[in-house]
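Just below is one structure, and these are the notes that go with it.
Derivation of every value follows stated rules applied to the coordinates shown; laboratory data play no part. Being a predicted model, the structure only gives us computed values, none of them experimental. Glycine gets a Cβ as well: all are built from the backbone with ideal geometry, and neighbour counts include every protein chain shown.
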Amino acid sequence: MLSFLRRERLPFTFVRSEPYFLEILPPDTSKGAALRLLRKHLSIPSSRVVAVGDNPNDKEMLEAAGFGVAVGNAHRELKKVAGFCSVCHDQHAVAEVVNWIEQNVAHMITGESKDEIRISGNKAGPRNEDSDRSL
């Protein structure tokens, strides 16, 4: 069906979020376009934006963010464009990303030394070095 719709050159954007979901959107509409618009409106550079996704419809959003994270059980195509991979979505992937940011990135934003940052009363721990693409 998707090939038929594309062949007809209809003025829509087609995205699959799951094999059984076909999303039909207005032209040039995507999560990435929305994120770029929001960044522009709030004057936030992409280097200060994190996006987390799991399916192909998240691809442009991860590309628009300065730090794109695919959850562990994400579609393989999304993992190719993500800068990092997290745990699976049902293992609290977003919480892992937020914790990683608090422990490893906050000092870059605040200008404080990493040794001065405390998370919940504990000093921020080291980055997980198990993989160059893992958090």
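Points to keep in mind about this one:
- Elements of type strands (runs of 3 or more DSSP E) in the stretch 1-102, at least 3 residues being touching a Phe, Trp or Tyr at 6+ places or on another chain (Cβ under 8 Å) and free of Cβ contacts under 8 Å to residues at least 60 places away in the same chain: 21-25, 67-70
- In this structure, PRO56 qualifies as in contact with a strand residue (DSSP E or B) (Cβ under 8 Å, 6 or more places away or on another chain) and of a type outside the set (Val, Ile, Thr).
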